[in-house]
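**Q** This is the structure I want to talk about, given as structure tokens.
The values are calculated or read from the model by the stated rules, or taken from the named source; none is laboratory data. Because the structure is a prediction, the values reported are computed rather than measured. Heads up, the Cβs are rebuilt from the backbone with ideal geometry, glycines too, and the neighbour counts pull from every protein chain shown.
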Amino acid sequence: MVTKIVSSAAERKMLSDAGYADPAIDYYIEKKYMGHIENADQVSENIGSCGDTMKIYLKIDDRTIIKDVRYEITGCAGAISAAMAAVDLIKGKTIDEALKINDGDVFKILENIPEKKHHCIQLAVKTMHKGILDYKDKKSL
Ligand code: FES
């Protein structure tokens, strides 16, 4: 337990020195929406310009409301924090509202991440949009 606290403090300092603001660091360390959903209504995958990948799992009520979301991510701290923030932005919203969420909305929640990591926010948002569009296609919505 002590080791975990120490390593998380060291990780925080490293991320902060690299240009990550506190909310972005919290999202990265907590990883509260990482994983998968059994019986998800939609599973979609996307590859970023850096070659990293994300898989999104969506649980959607009444073909409209986003009830739950999880991401599986092979990517950096920027990608993980952005994806976790994106979930907070779309959970409980309609699928059409979620399609209007953009990179700037996610950046506002994170407050700051290093400039060279901005494309990682794009990957998180594009993956989310792809999941919803794939779902709409499948259901002919
Ligand atoms: Fe590939 Fe961030 S997701 S560098």
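**Q** State which residue is nearest to ILE80 (Cα to Cα) when the search covers only region 109-123 and only residues that are under 14 Å from the mean Cα position of the chain (by Cα) and away from the ligand (no atom under 12 Å from the Cβ).
**A** LEU110
**Q** Continuing with this model, one more query. Can you say whether ILE95 is farther than 25 Å from ASP22 by Cα, crowded, with 21+ Cβ neighbours inside 10 Å, modelled with pLDDT of 95 or more and away from the ligand (no atom under 13 Å from the Cβ), as far as the supplied structure shows? Reasoning before the result, please.
**A** Values: farther than 25 Å from ASP22 by Cα: yes; crowded, with 21+ Cβ neighbours inside 10 Å: yes; modelled with pLDDT of 95 or more: yes; away from the ligand (no atom under 13 Å from the Cβ): yes.
Judged against the criteria, ILE95 is a match.
**Q** Which of (1) loosely packed, with under 13 Cβ neighbours inside 10 Å; (2) in contact with an Asp or Glu (Cβ under 6 Å, 6 or more places away or on another chain) is the odd one out, the single condition LYS100 does not satisfy?
**A** (2)
**Q** Select from region 27-72 the residues that are charged (D, E, K, R) and either buried (at least 19 other Cβ atoms within 10 Å of the Cβ) or in a loop (DSSP other than H, G, I, E, B) (or both) and list them in ascending order. Please lay out each step first, then the result.
**A** At the first step, the residues of region 27-72 found to be charged (D, E, K, R) are 30-32, 38, 41, 45, 52, 55, 59, 61-63, 67-68, 70, 72.
LYS31, LYS32, GLU38, ASP41, ASP52, ASP62, ARG63, ARG70 - these are the residues of region 27-72 that are charged (D, E, K, R) and either buried (at least 19 other Cβ atoms within 10 Å of the Cβ) or in a loop (DSSP other than H, G, I, E, B) (or both).
**Q** Considering only residues that are within 12 Å of the ligand (Cβ to nearest atom) and touching a helix residue (DSSP H, G or I) at 6+ places or on another chain (Cβ under 7 Å), look in region 21-49 and name the one that is modelled with the lowest pLDDT.
**A** SER49
**Q** Here is a list of conditions, (1) more than 21 Å from ASP134 (Cβ to Cβ); (2) of a type in the set (A, V, I, L, M); (3) touching a Phe, Trp or Tyr at 6+ places or on another chain (Cβ under 7 Å), and VAL43 meets all of them except one; can you say which number that is?
**A** All conditions are met except number (1).
**Q** For region 64-87, what are the residues that are in contact (Cβ under 8 Å) with a residue 40 or more places away in the chain and within 10 Å of the chain's Cα centre (by Cα)?
**A** Result: VAL69, TYR71, GLY78, ALA79, ILE80, SER81, ALA82, ALA83, MET84, ALA85, ALA86, VAL87.
**Q** Another question about this same structure. For LYS126, work out the one condition from (1) basic (Lys, Arg); (2) away from the ligand (no atom under 16 Å from the Cβ); (3) touching a strand residue (DSSP E or B) at 6+ places or on another chain (Cβ under 7 Å); (4) closer than 22 Å to TYR20 by Cβ it doesn't fulfil.
**A** Of (1) basic (Lys, Arg); (2) away from the ligand (no atom under 16 Å from the Cβ); (3) touching a strand residue (DSSP E or B) at 6+ places or on another chain (Cβ under 7 Å); (4) closer than 22 Å to TYR20 by Cβ, only one is false for LYS126: (2).
**Q** Is there any pair with a first residue in region 45-63 that is more than 12 Å from ALA124 (Cβ to Cβ) and a second that is modelled with pLDDT under 95 and more than 10 Å from the ligand (Cβ to nearest atom) whose Cβ atoms are under 8 Å apart and which are 6 or more apart or on different chains, and what are they?
**A** ARG63/LEU141
**Q** Let me ask you something else. Can you name the residue in region 73-91 that is farther than 16 Å from ILE37 by Cβ and more than 13 Å from the ligand (Cβ to nearest atom) and, of all such residues, is surrounded by the most Cβ atoms within 10 Å (Cβ to Cβ)?
**A** So the residue we want is ALA85.
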